[in-house]
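Inspection log for the structure reproduced underneath, given as structure tokens.
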Amino acid sequence: TDPAKIRNFCIIAHIDHGKSTLADRMLQVTGTVPDREMRAQYLDRMDIERERGITIKSQAVRMHWATDAGDFALNMIDTPGHVDFSYEVSRSLAACEGAILLVDAAQGIEAQTLANLYLAMENDLEIIPVLNKIDLPAADPERVSREIADLIGGRPEDILKVSGKTGAGVEELLDSVVHRIPAPVGSADGPPRAMIFDSVYDPYRGVVTYVRMIDGNLSPREKVQMMSTGSEHEALEVGVSAPEPTPTKGLAVGEVGYLITGVKDVRLSKVGDTVTAKRKPATEALPGYTDPKPMVFSGLYPLDGSDYPVLREALDKLKLEDAALQYEPETSVALGFGFRCGFLGLLHLEIISERLRREFDLDLIATAPSVIYQVTTDDGREITVTNPSEYPDGKISSVREPVVKTAILAPKDYVGAIMELCQSRRGNLLGMEYLGERVELRYSIPLGEIVFDFFDHLKSRTQGYASLDYEPMGEQEADLVKVDILLQGEAVDAFSAIVHRDNAYSYGTMMAERLRKLIPRQQFEVPIQAAIGARVIARETIRAIRKDVLAKCYGGDISRKRKLLEKQKEGKKRMKMVGRVEVPQEAFIAALSGD
Ligand code: GDP
Ligand code: MG
């Protein structure tokens, strides 16, 4: 296709503002998907995505649109909406020249509207602001148009109004995509450079790599090279999604499509990497490539220890599809054999554990999420800690923790409640701005405080009205300590936590109390202690009982006694021994999940 007749765009929106529904209507209006094959959220392929109504993996689809200026190929790139996947969002945006900024006409601008808008502006995209859901009785197009115009300039009355549900305004929107978004520019016969903006594992075809041709072209059967690693592959198939994969004779400058090389592991085809051709290799990779970096860590353990090999196999499989997932084996006194896993964020953690439950039928327990700490010991050693159990015992000269820049958007009545929450989580106010009836609060907050139920608290303090977005902003030194929980003097690893010194006492008393209620009495007294190093900061006691089932047998029937003994032994299989103390595994699980 002549690049002058190509438009590459994405839709950016806060979650639930109607991106997938609008994409569906575009597929229909352009005739890309015939009416009879249409189903809701056509592009959200994963079951979890459809059920939760979120887009996890971005997809690209080519549509045709005829205007008075001729026929155009529109490549729509669907970006993930969630902050956990902001790197993938940024790469999808880099594949486009323009973006539709979609705002729910009843809700107005939200945190992810802003975050995505800023990303689009950094990528120099042409922005088309659009009001969606104008069919809703609660829609307030005047107010929201003013909010948008205040934010990005222009006149409120020029903002397009559409309904992804009824299809109203969708044709006009496609026309303005053609008229307002610039055509791609690049060198048509220079050394090929294709930017990978998504990489999806397909069990039948191997990895499908989605690319945007920035310069030159790629053809099927030619040798290609990944510029970050130098690894070489053959382009077995090249094509476009329309929306089903459709092989083509090649991908030319400005086009968006896919590449199949037969590799079976997405890590060999990384988002952000540049693909070039052996026949005429590019010397310089496209800017912006980084490796995915896990931010949140958690231990995943099978409830039933015999499921451990199943869990390992499942993780091996998921890793082929998900370059950001990391894991290594780990053992825990309380939970047995499991894996320490690294995730991009909390949603990523949830998605992976849910897929393990669903697709592999595994019952799992996850330890409390932790972040990466950089610990310097007094003798000058630098230790990276992603698991409290790795926290060094000796003298520590400093600990650094990751900090994120958060943006919280809410109706202005909630300012006080939000500030209180952020302060209690060691937040520093960076700025505050009013957008009509709403306020944007910007804080720097330790990531460790965010991963610990921050979002739940934010939602409940604002009756669900606040939205949150965050991005990494480096590290800071902090007065952190490791709190251990001990049963009869033995530390129970799964409950150790790295917390701020000011919160150590409340964490310790909370865990000790929970365990006292959950652990059955033993034949001896069991102290439960919370300690920082050797210093005990909280204590509870489980009183002793004499539980002698044999006493009930009046010393008579031997076989009955034996049966009882055997029964008792079986009951013990689900017991974990911590020193001399028997703890039902359920107690640990309940203590970890907090209920
Ligand atoms: P996404 O998270 O941005 O992809 O949002 P979805 O497309 O999944 O839509 C979120 C919810 O809003 C769904 O329940 C949709 O049915 C609904 N929705 C989307 N567009 C419209 C619209 O134009 N009008 C109305 N009334 N509802 C809509
Ligand atoms: Mg969606």
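So which of Ile12, Ile100 ends up being modelled with pLDDT of 85 or more, under 24 Å from Thr166 (Cα atoms) and either within 10 Å of ligand 1 (Cβ to nearest atom) or surrounded by fewer than 22 Cβ atoms within 10 Å (Cβ to Cβ) (or both)?
From the options Ile12, Ile100, the qualifying one is Ile12.
Say whether the condition of being open to solvent by 50 Å² or more (accessible area, probe 1.4 Å) and not in a strand (DSSP E or B) is met by at least one residue in region 395-405.
Yes, the conditions are met somewhere in region 395-405.
Do you know which residues across region 241-269 are part of a loop (DSSP other than H, G, I, E, B) and of a type in the set (A, V, I, L, M, F, W, C)?
Ala242, Ala252, Val253, Val263, listed by residue number.
Counting residues that are among the polar types (S, T, N, Q) and either free of Cβ contacts under 8 Å to residues at least 60 places away in the same chain or closer than 23 Å to Tyr118 by Cα (or both), which strands (runs of 3 or more DSSP E) fully inside region 138-240 reach at least 1?
Per the criteria, 223-226.
Just one of (1) within 16 Å of ligand 1 (Cβ to nearest atom); (2) modelled with pLDDT under 95; (3) open to solvent by less than 30 Å² (accessible area, probe 1.4 Å); (4) outside any helix (DSSP H, G or I) trips up Thr32, so point out which.
(1)
Go through region 35-58 and count every residue that is more than 11 Å from ligand 2 (Cβ to nearest atom) and at pLDDT 60 or above.
Selection size over region 35-58: 5.
Looking only at region 166-177, decide whether some residue is buried (at least 23 other Cβ atoms within 10 Å of the Cβ), within 16 Å of ligand 1 (Cβ to nearest atom), at pLDDT 95 or above and among the β-branched types (Val, Ile, Thr).
no
Go through (1) within 14 Å of ligand 1 (Cβ to nearest atom); (2) modelled with pLDDT of 85 or more; (3) out of contact with any Pro (no Cβ under 7 Å at 6 or more places or on another chain) for Leu27 and report which single condition fails.
Result: Leu27 passes all but (3).
Go through (1) open to solvent by 30 Å² or more (accessible area, probe 1.4 Å); (2) more than 21 Å from Phe72 (Cβ to Cβ) for Ile214 and report which single condition fails.
(2)
Quick one: which of Ala285, Ala324 is of a type in the set (Gly, Ala, Ser), open to solvent by less than 70 Å² (accessible area, probe 1.4 Å) and either more than 19 Å from Val89 (Cβ to Cβ) or free of Cβ contacts under 8 Å to residues at least 24 places away in the same chain (or both)?
Selected residue: Ala285, the only one of Ala285, Ala324 that is of a type in the set (Gly, Ala, Ser), open to solvent by less than 70 Å² (accessible area, probe 1.4 Å) and either more than 19 Å from Val89 (Cβ to Cβ) or free of Cβ contacts under 8 Å to residues at least 24 places away in the same chain (or both).
Okay, residues lined up against (1) among the hydrophobic types (A, V, I, L, M, F, W, C); (2) farther than 28 Å from Arg535 by Cα; (3) in contact with a Pro (Cβ under 9 Å, 6 or more places away or on another chain); (4) at pLDDT 90 or above:
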site	(1), (2), (3), (4)
Cys422	yes, yes, no, yes
Leu458	yes, yes, no, yes
Met473	yes, yes, yes, yes
Val483	yes, no, yes, yes
Val492	yes, no, no, no
Ile498	yes, no, yes, yes
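Taking the condition more than 18 Å from Gly345 (Cβ to Cβ), of a type outside the set (Gly, Ala, Ser) and buried (at least 16 other Cβ atoms within 10 Å of the Cβ), does Ile450 pass?
In short, no.
If you scan region 458-493, which residues turn out to be over 25 Å from Ser444 (Cβ atoms) and either open to solvent by 20 Å² or more (accessible area, probe 1.4 Å) or part of a loop (DSSP other than H, G, I, E, B) (or both)?
Gln463, Asp484, Leu486, Gln488, Gly489, Glu490, Ala491, Val492, Asp493
Given the conditions (1) open to solvent by 20 Å² or more (accessible area, probe 1.4 Å); (2) in contact with a Phe, Trp or Tyr (Cβ under 6 Å, 6 or more places away or on another chain), which single one is not true for Gly427?
(1)
Take the conditions within 13 Å of ligand 1 (Cβ to nearest atom), surrounded by 22 or more Cβ atoms within 10 Å (Cβ to Cβ) and at pLDDT 90 or above and apply them to Arg7. Does it pass?
So Arg7 does not fit the description; no.
For region 19-36, enumerate the residues that are among the basic types (Lys, Arg) and in contact (Cβ under 8 Å) with a residue 60 or more places away in the chain.
Lys19, Arg25
Can you say whether Gly416 is modelled with pLDDT under 95, open to solvent by less than 70 Å² (accessible area, probe 1.4 Å) and outside any strand (DSSP E or B), as far as the supplied structure shows?
Considered against the rule, which asks whether it is modelled with pLDDT under 95, open to solvent by less than 70 Å² (accessible area, probe 1.4 Å) and outside any strand (DSSP E or B), Gly416 comes out as no.
Let's see how each residue does on (1) open to solvent by 10 Å² or more (accessible area, probe 1.4 Å); (2) touching a helix residue (DSSP H, G or I) at 6+ places or on another chain (Cβ under 8 Å); (3) more than 16 Å from ligand 2 (Cβ to nearest atom):
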{"position": "Arg91", "(1), (2), (3)": "yes, no, yes"}
{"position": "Ala94", "(1), (2), (3)": "yes, no, yes"}
{"position": "Glu110", "(1), (2), (3)": "yes, no, no"}
{"position": "Leu119", "(1), (2), (3)": "yes, yes, yes"}
{"position": "Ile128", "(1), (2), (3)": "no, yes, yes"}
{"position": "Glu142", "(1), (2), (3)": "yes, yes, yes"}
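Can you name the residue in region 270-281 that is in contact with a Gly (Cβ under 8 Å, 6 or more places away or on another chain) and in a loop (DSSP other than H, G, I, E, B) and, of all such residues, is least open to solvent (accessible area, probe 1.4 Å)?
Filtering region 270-281 for residues that are in contact with a Gly (Cβ under 8 Å, 6 or more places away or on another chain) and in a loop (DSSP other than H, G, I, E, B), the one least open to solvent (accessible area, probe 1.4 Å) comes out as Gly272.
Restrict the check to region 200-210 and report whether at least one residue is at pLDDT 95 or above and either open to solvent by less than 40 Å² (accessible area, probe 1.4 Å) or within 16 Å of ligand 2 (Cβ to nearest atom) (or both).
No, region 200-210 contains no residue that is at pLDDT 95 or above and either open to solvent by less than 40 Å² (accessible area, probe 1.4 Å) or within 16 Å of ligand 2 (Cβ to nearest atom) (or both).
Return the pair list, or none, for Cβ contacts closer than 6 Å from residues in region 428-444 that are part of a strand (DSSP E or B) to residues that are of a type in the set (Val, Ile, Thr) and surrounded by fewer than 18 Cβ atoms within 10 Å (Cβ to Cβ), at least 6 apart or on different chains.
Hits for this filter: Val439/Val415.
Conditions (1) of a type in the set (Gly, Ala, Ser); (2) open to solvent by 40 Å² or more (accessible area, probe 1.4 Å); (3) free of Cβ contacts under 8 Å to residues at least 24 places away in the same chain, marked per residue:
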| site | (1), (2), (3) |
| --- | --- |
| Leu346 | no, yes, no |
| Leu349 | no, no, no |
| Glu354 | no, yes, no |
| Arg358 | no, yes, no |
| Ile365 | no, no, no |
| Thr386 | no, no, no |
| Glu390 | no, yes, yes |
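Given the criterion hydroxyl-bearing (Ser, Thr, Tyr), open to solvent by less than 50 Å² (accessible area, probe 1.4 Å) and either under 30 Å from Val581 (Cα atoms) or at pLDDT below 85 (or both), identify the matching residue among Tyr373, Tyr308.
Within the list Tyr373, Tyr308, the selection yields Tyr308.
The values are calculated or read from the model by the stated rules, or taken from the named source; none is laboratory data. All values derive from a computational prediction rather than experimental measurement. Heads up, the Cβs are rebuilt from the backbone with ideal geometry, glycines too, and the neighbour counts pull from every protein chain shown. Calculation scope for accessible area: heavy atoms of the full protein, side chains included, ligands and nucleic acids excluded. Shrake-Rupley method; radii C 1.70, N 1.55, O 1.52, S 1.80 Å.
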